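Heads up, the thing below is written out as structure tokens.
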Amino acid sequence: MSPVHRHPDHRSPLVFEVHELGRRAGVMKRIETTVPAPAELGIAMIEVPKDSDMELDLQFQCVSEGVLASGTVTVQLRGQCSRCLDDIEAEDSFDVQELFFYPGNEVEEDESLVIDETIDLEEALRDAVVLELPFTPLCRDDCLGLCLDCGVNLNRDPDHSHGETIDPRWSKLADIGGDTPN
Ligand SMILES: [Zn+2]
Ligand SMILES: [Zn+2]
């Protein structure tokens, strides 16, 4: 057994018993539960806060090689808009699908195993969420961002402008204009 296939921590809320499925292909069970989110679930600008509610709506299905876990995870997201830097608070759902192989199957290091008749969903949930998070999250799709001149949030003041200041490249033209009589 490779080092990554360590024994599950039975205290983890993301470790589930699959013993009662009895390795009979086709047998399934539904899991609907809310668990606390693990630490460090996220990327630089957006994350799932530790211990926030994670809703699991999953199905564990026996297949010939192991147990297929599939369904959705719904998480709370906290972050910062990459355009206007406002806080983002949102809820989002992600698809989860992971096959846990029974011991005895030839598996790669990055594949999951049924260990001690349990499956540990943490890595599968991490992958399902983290790989889908946007590197440049937005508070809304049409976020207007910040004024490049003064940094004001344009979402709060869409008509904001610096009308009185003139780009230096145009100031000569403005001078010429100023010479013409009104
Ligand atoms: Zn924004
Ligand atoms: Zn401005």
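The numbers here are math on the coordinates, done by the rules we state, and not lab data. On a predicted model such as this, the values are computed, not experimentally measured, just so you know. FYI the Cβ positions are ideal-geometry reconstructions off the backbone, even for glycines, and counts take in every protein chain you see.
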Of everything in the stretch 34-73 that's surrounded by fewer than 17 Cβ atoms within 10 Å (Cβ to Cβ) and charged (D, E, K, R), which residue is nearest to SER112 (Cα to Cα)?
GLU65
Working only within the stretch 99-116, note down all residues that are of a type in the set (Phe, Trp, Tyr) and touching a Ser or Thr at 6+ places or on another chain (Cβ under 8 Å).
PHE100, PHE101
Conditions (1) under 30 Å from LEU146 (Cα atoms); (2) polar (S, T, N, Q); (3) part of a strand (DSSP E or B): number failed by SER82
(3)
Just to verify a result, which residue in the stretch 141-150, among those that are of a type outside the set (A, V, I, L, M) and surrounded by 10 or more Cβ atoms within 10 Å (Cβ to Cβ), is farthest from ligand 2 (Cβ to nearest atom)?
CYS143
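Yes/no per residue for (1) assigned to a strand (DSSP E or B); (2) among the hydroxyl-bearing types (Ser, Thr, Tyr); (3) within 12 Å of the chain's Cα centre (by Cα):
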| position | (1), (2), (3) |
| --- | --- |
| ALA90 | yes, no, yes |
| PHE100 | yes, no, no |
| ASP110 | no, no, no |
| ILE119 | yes, no, no |
| ARG126 | no, no, yes |
Would you confirm whether or not the stretch 98-110 contains a residue that is crowded, with 18+ Cβ neighbours inside 10 Å and closer than 30 Å to MET45 by Cβ?
yes
Exactly one of (1) closer than 23 Å to MET54 by Cα; (2) within 16 Å of ligand 2 (Cβ to nearest atom) is unmet by ARG83. Its number?
(1)
Examine the stretch 48-66 for a residue that is hydroxyl-bearing (Ser, Thr, Tyr) and under 24 Å from GLY22 (Cα atoms), and state whether such a residue exists.
yes
